Amino acid sequence: MTRCRCAMLAALVWGCAAPVSPCGTGPVPVDLRGSWHYEGTQSSPSTATLSGTLRITSQPGQDFYGDLSVTETDVGSGSARDLSGAVTGCALDAASVDFGALFTVEAAARRHLGTVKMDVTMDSITNGTWVESGPSGPIASGTFKGARQSGP
């Protein structure tokens with residue numbers, strides 16, 4: 001593989017992993033640090049469930065970083081596979097997040113968009129959607145939600 005092709009591939013992977021929305025440099029609009037229980041579904045190309053942990057380990061301003069580890073179970077066959085990888089994202093405001101999860105076994109990142117609800121009894125991410133895109137368009141898509149298990 002030529003250096004040019006390697007550079008283009010690296011740029012494509014980084015671009016897919018990073019949130020598309022620009023992240024500001026202002027103060028933290030919502031503190032997302034901590035461990036979140038992650039639940040999701042995949043609706044295409046096949047039906048699957050996802051369950052695991054989203055950890056936000058650093059949040060310098062609106063940007064946040066961490067990792068996501070899930071087990072993806074195919075509803076039809078029952079076969080399961082573990083997925084894990086780095087997360088980079090942006091707290092767009094006090095109620096919206098945009099983040100990418102680049103799983104080590106996938107060629108493309110899964111971009112997530114969700115609504116944050118901070119509550120006295122439970123902090124949650126709801127109404128979430130995700131899409132995994134490749135060079136020719138969407139590869140897979142689904143929904144997700146999260147509930148904070150621990151944090152600041």
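One table, with the values for the structure above:
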| read-out | value |
| --- | --- |
| Residue in region 64-77 that is at pLDDT below 90, among the acidic types (Asp, Glu) and closer than 22 Å to Leu32 by Cα present | no |
| Candidates Asp119, Asp98, Asp123 - the one that is surrounded by 13 or more Cβ atoms within 10 Å (Cβ to Cβ), more than 18 Å from Asp67 (Cα to Cα) and of a type in the set (D, E, K, R) | Asp123 |
| Unique match (being among the acidic types (Asp, Glu), over 13 Å from the mean Cα position of the chain (by Cα) and more than 20 Å from Gln59 (Cα to Cα)) among Asp82, Asp123 | Asp82 |
| Ala86 vs. criteria small (Gly, Ala, Ser) and loosely packed, with under 15 Cβ neighbours inside 10 Å | no |
| Filtered residue count, region 22-48, keeping only those that are over 15 Å from the mean Cα position of the chain (by Cα) and not in a loop (DSSP other than H, G, I, E, B) | 3 |
| Strands (runs of 3 or more DSSP E) contained entirely in region 103-152, each with at least 3 residues that are of a type outside the set (S, T, N, Q) and out of contact with any Gly (no Cβ under 9 Å at 6 or more places or on another chain) | 137-150 |
| Scan of region 59-77 for residues that are farther than 18 Å from Thr104 by Cβ and either buried (at least 19 other Cβ atoms within 10 Å of the Cβ) or under 15 Å from the mean Cα position of the chain (by Cα) (or both), ordered by number | Gln59, Gln62, Asp63, Phe64 |
| Test: residue in region 105-114 that is at pLDDT below 90, buried (at least 21 other Cβ atoms within 10 Å of the Cβ), in contact with a Leu (Cβ under 9 Å, 6 or more places away or on another chain) and closer than 16 Å to Asp67 by Cβ | yes |
| Selection within region 49-83 - outside any strand (DSSP E or B), under 19 Å from Ile139 (Cβ atoms) and not small (Gly, Ala, Ser) | Val75 |
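The values are calculated or read from the model by the stated rules, or taken from the named source; none is laboratory data. Only a predicted model underlies this, so the values are computations on that prediction, with no experimental measurement involved. For neighbour counting, all protein chains shown are included, and Cβ atoms are generated from backbone atoms with ideal geometry for every residue, glycine included.
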